[in-house]
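Colleague: Before I ask anything, here is the structure I am working with.
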Amino acid sequence: MPKFEREIEIDAPVEKVWKVITDPNHWSQWFPGVEGVSNATSASVGSIVEWTSTGQTGSATIVKMEPMKYLEILTQMGDDKDSHVFKLKPSGGFFGLKDDECKVEYTLDTLMGGGILGNFVAGGNPKDAMRVKKTMHLLRKLVESL
């Protein structure tokens, strides 16, 4: 299962970042592949959101969440499944004393099989690596603009 990871610093407190990533109504502005959402309610473990991309409909299930720290979402469109894990940590100020910024780690796991050869081929996939980079850039831009 190839994984793609990226870490960024967002100039906003953890609470603000958490509010954005757990609100499915914001997902079309930053979440990878999501062009629109429907059936969006408050985020809680087990909640399912329907999303669209290039005319197709998929689902996103919140698998695990630890408020202000950890969010895991499983997306599926057809047979394609991806795991999205976000870890948040307060940072900023002198030795982290002010905590007015948020460090976000994002891991995309494409959940594809194929053994060693499949992992080798998919692990070097620049499309997924760029998708992760773009996701983090868009998230930072959105949070800092609110």
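Colleague: What lysines does K16 reach when the alpha-carbon gap must be under 25 Å and sequence neighbours fewer than 8 apart in one chain are set aside?
Modeller: The reachable lysines, counting only those whose Cα sits under 25 Å from K16, are K64, K69, K87, K89, K98, K103, K133, K134, K141.
Colleague: How would you rank H137, H26, going from fewest to most other Cβ atoms within 10 Å of each one's own Cβ?
Modeller: Numbers: H137 13, H26 19.
By the 10 Å Cβ count, ascending, the order reads H137, H26.
Colleague: At Q76 and M130, where each label point lies 7 Å from the Cα along Cα→Cβ, what is the point-to-point distance in nanometres?
Modeller: Once both label points are built, they end up 2.9 nm from each other.
Colleague: Another question about this same structure. Sorting V132, V104, V45 on the 10 Å Cβ count, fewest up front, what's the list? Spell out each step's value before the answer.
Modeller: Numbers: V132 18, V104 22, V45 11.
Ordered by Cβ neighbours within 10 Å, fewest first: V45, V132, V104.
Colleague: Less than 14 Å from a label point 7 Å out along the Cα-to-Cβ axis of L146: which backbone N atoms in the range 1-39 qualify, by residue?
Modeller: Backbone N within reach: 10-31.
Colleague: While we're here: How far, in nm, would the chain grow between E66 and K87 when pulled straight, counting 0.36 nm per residue and subtracting the alpha carbon separation?
Modeller: Numbers: separation 21, 0.36 × 21 = 7.56 nm, distance 0.94 nm.
Full-extension gain reported as 6.6 nm.
Where a number appears in this text, it was derived from the coordinates with a stated rule and is not lab data. Small disclaimer: the values here were computed from a predicted structure and weren't measured. Cβ atoms come from the backbone with ideal geometry, glycine included; neighbour counts cover every protein chain shown.
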